[in-house]
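This report concerns only the one structure given below.
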Amino acid sequence: MSATTRDAFLGGRLVIEQPRDGYRAATDPVFLAAACPARTGESVLELGCGVGTAALCLAARVPGLRLTGVERQAGYTALARSNAEAAGVEMEVVEADLSRLPAALRAQGFDHVLANPPFFAPGGGTAARDAGREAANREETPLTDWIATARARLKPKGWLTLIHLAERLPDCLSALEGFGAVAVLPLQPRAGRAAGRVVIRARKGARAPFRLLAPVTIHAGAAHGADVPDYTDLVEAVLRHGAALPFD
């Protein structure tokens, strides 16, 4: 593992140590955590948890969760464990590929599964110089396997929450066999701009109809002005104060 930095999330309520040159958590895991409908006492599994940012952001909003993370890269696994300890959060972090989970984990069922799958499909584009960043960003395990693993680990009526590129929404929806109550929340950079990300929530075995929600606008104004954050009030509440995203 290369040199690391310590970065503040949720307005400084959470400090995350992460690689300086590898995959670095930014706003996506915070949005992912803000979309999860977990309640105190429930169990949460994060697939591909990296350094633990999403799960720990969720724990900051919802105390008393039973947290488990799965991460295949050893250096990120170690950082996730130390970040959880530093935050005072009990979280089991399992070093494993999600397509080859250990038997003890396959025997468990969870109320919630979180996932921020790699955005980029195999082939094409320019590979990242850092191997950790490339492994986190480039899809090796198919998206269908991510969602199938989530479905297998969820209890009946359990919730899957994931974030992905808007252009991959058709792939996500086609893989959600066995899920209902699917809701898609677009994240648009500014009013009038196309969404770049989508957050998806789906419930195992549910029959409620599909919902396409009004987009959440991340930045206020038509363009960046001074070099200071210009988040909308809702996004400021999510990123700085750990508020939930409006799915209901």
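Just a few scattered comments:
- Using the Cβ-Cβ distance between L234 and L165 with R0 set to 22 Å, the FRET efficiency from 1/(1 + (r/R0)^6) comes to roughly 0.55.
- Cα centroid separation, the range 11-48 to the range 93-111: 19 Å.
- Accessible solvent surface per residue of the range 1-119, calculated while the other protein chains remain in place, 1.4 angstrom probe, Å²: 39
- Choice from F210, F31, F179 with maximal GNM fluctuation in the chain (Cα, 10 Å cutoff): F210
- Spherically averaged projected area of the chain from its Cα convex hull (nm²): 13.1
- Where the Cα pairs of the range 147-207 fall when distances are cut into 10 Å bins, in %: 23, 49, 22, 6
- Of the solvent-accessible surface of the chain, computed with a 1.4 Å probe over protein heavy atoms with every protein chain present, carbon and sulfur atoms account for 52 percent.
The values are calculated or read from the model by the stated rules, or taken from the named source; none is laboratory data. Quick caveat: nothing in here was measured; it's all calculated off a predicted structure. We place every Cβ from the backbone using ideal geometry, glycine too, and count neighbours over all the protein chains shown. To get the accessible areas, we keep the full protein, side chains included, count just its heavy atoms, and leave off ligands, DNA and RNA. Shrake-Rupley method; radii C 1.70, N 1.55, O 1.52, S 1.80 Å.
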